[in-house]
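Visitor: Provided herewith is a single structure, encoded as structure tokens, for subsequent inquiry.
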Amino acid sequence: MDLPLRMRPNGPSYLAALAGVVLGALATGCQPRVVNYQVRVVTSACVAPSPLENVTHMRFRVTGDGLEEPIVMVVPETDAVVEIPEIPAGTNRTIEVRAYDGDPSAGGKVVSMGSSLPFTVPDVVPEDQTPTEITIFLRRVGVFTPPSTADAPTTCSMMLEPRAGHTATLLADGRVFIAGGYHLSNGNIDGSLDTTEIFNPGTGTFEKAAGLLVPPQNTSSLARAFMGAVLLKNGQVLLAGGETFNPPAGLFPVRSILIYDPTTNTFGKFDMKLPRRRPGVAVDSGGRVLIVGGTDGQGKPVEYAEWYDPEKGPHLARTEDPADLAAENPRLLPVKTPRAGMAVAPVQGGRFIAVAGGTDGVKLADEVLFFNFDGTTFQASPSTVRLREVRYAPGIAPFKDSNNLLVAGGYNSSTEPMTSLNSSEIIATDAFNVSDGQVLSQARGDVCVAPLPDGRVVIIGGRLDGGPGGLSSAAGEMMIPNPSGGASTVALPLLDFPRYHHTCTTLKDGSVLVLGGVEQRATGAPRVLQDVYIYTPPPLD
């Protein structure tokens, strides 16, 4: 159904209505001028059951910057018009829709929900009278649902090509930038990808973006997989290192950094001090980027971390500037901290960057490193925090709040045989202690973890054992922080296809986007997946 948004200015506020016909007026002075907000709530899906199955009531909730209280309306599902009083002008306005199996005030439960991308309600009448389109996709909660487009809601969307070992970075506007990866031939890796694409949750579409090519001529490929990816404070995406496959020569670590500007769909390029396969990358509270570990061309852990300050360049638009090229940026850290197969995440609001698990080249490391910027460089702060179980290739995510980290799964060795782990641990970085987390439903490494805005963490897929024979997992869990400490867990539905080397990205509305990966079963050749799922967590309120 189409639910256009009708707005009229009322001093600093707007009167709004959601209706089943295209309506909408914005009046100024004595001469009315019409502005349409075309709001479309998509209530069909490409898989059963329907988002509206067993639904009796709908709740519409408007939030945004400067709103002291959300604007909430609950109506029977059969209502054609929903009146929402006084939506003030402002930024980051979001419309959330929830579908219930009964009156929510009488115990009705959420069946489906969806949310718009943030939009702005102007405080002046715009000259452009083109209707602003806002699309909201209703999806069943607690299940994995393939996305679809508003124009073809019964056809499942897919990536433009199969990918594994890629990155998927949430952009400031709510879209997701997907880069690189690798593909298989007869079950073996035979090349890395130099393509990128963007997923738009507001439309359900995938669009081709600029390729990973040497700028500015864009004639030579910079294909790579397993690079580090972070969103910079200026809205650009930094891609660091990775590995490139050039058969028959083999696999090589990548030295270059690429910076992608989504506003211009262009890349800039410069080099790190050291080439790195599978580095750990994170941004601190000051916007500085720390690049840790990874392996070199001989498969040994890279000994020195390095850091990059985006404010000092090299910059996207100045890659050929001699001063830019000569800048001592990135910089190596002065102390050796070799790590490979580790997990990296910012903590305490980015005051520290934590490095947990992995190997130092001699043994698996139990020490958790905490890097912070001292005004001149990053330093690894002295720490007594030790993992209770050493682990290679675990997952990591903030848990409960920015002071706590969940470290989950992994392997008991960095070399074959690699047995997967089913344990998890909670690191309290403010108290510098470690406690046991919940046991995973299935032991596995290379898990995909996604932190939710409410402090929960979703763990999806992974590999049952390391090495060439390790099978993909379809299992998933949601780790839930307990108010008194510790955690509880809820099993997720099994994925339609098991996978590892996939990505899990938390979207603006708190749902989780799952992309690609490798399906490897006990029989048949492994294959790289092209499919897409969105997991919508049941709300806590």
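Read-outs throughout are calculated quantities, based only on the coordinates presented, and are distinct from any laboratory measurement. Everything quoted here is computed from the prediction, not taken from an experiment. So basically every Cβ, Gly included, is an ideal-geometry build from the backbone, and we count neighbours across all protein chains shown.
Visitor: Which of rounded, prolate or oblate describes the range 376-503 when judged by the alpha-carbon gyration tensor and an a/c cut-off of 1.5?
Guide: In terms of gyration-tensor shape, oblate.
Visitor: Pick out, from Ala240, Thr205, Thr167, the residue whose Cα sits farthest towards the positive end of the charge dipole of the range 165-291, with +1 on the Cβ of Lys and Arg and -1 on the Cβ of Asp and Glu.
Guide: Projecting each Cα onto the dipole axis, the largest value belongs to Ala240.
Visitor: Can you pick out the pairs among Lys233/Lys300; Lys336/Lys508; Lys233/Lys336 whose Cα atoms lie more than 30 Å from each other?
Guide: Lys233/Lys300; Lys336/Lys508
Visitor: Mind listing the phi-derived Karplus ³J(HN,Hα) values for the range 352-360, rounded to whole Hz, using 6.51, -1.76 and 1.60 with θ = phi - 60°, and x for any glycine or proline?
Guide: 10, 10, 9, 10, 10, x, x, 10, 9
Visitor: Moving to a separate point now. Normalized C-alpha radius of gyration of the range 148-246, against 2.2 N^0.38 Å?
Guide: Normalised Cα radius of gyration, the range 148-246: 1.14.
Visitor: Continuing with the same structure: Among the aspartates and glutamates, select those whose C-alpha is under 20 Å from the C-alpha of Lys312, and discard any that sit fewer than 8 residues away in the same chain.
Guide: Output for Lys312: Asp261, Asp271, Asp284, Glu320, Asp321, Asp324, Glu328, Asp374.
Visitor: May I pose another question? So what's the gap between the Cα centers of the range 450-485 and the range 165-205, to the nearest angstrom?
Guide: The range 450-485 and the range 165-205 have Cα centres separated by 21 Å.
Visitor: Under 1.5 on a/c is rounded, so check that first for the chain, then, if it is not, pick prolate when a/b is larger than b/c and oblate when it is not; a ≥ b ≥ c are the square roots of the alpha carbon gyration tensor eigenvalues.
Guide: Prolate shape, in that a/c is at least 1.5 and a/b is the bigger ratio.
Visitor: While we're here: Trypsin sites (Lys or Arg not before Pro) within the range 347-444: which are DSSP loop residues with at most 10 other Cβ atoms inside 10 Å?
Guide: When the trypsin sites (Lys or Arg not before Pro) of the range 347-444 are filtered for loop state and at most 10 Cβ neighbours within 10 Å, Lys363 remain.
Visitor: Then there is this: Where does the longest stretch of the chain lie that holds no GluC sites (Glu not before Pro) found in a DSSP loop with 11 or fewer other Cβ atoms within 10 Å?
Guide: Values: sites that count: Glu68, Glu127, Glu320, Glu328.
No qualifying site falls inside 329-541, the longest such stretch.
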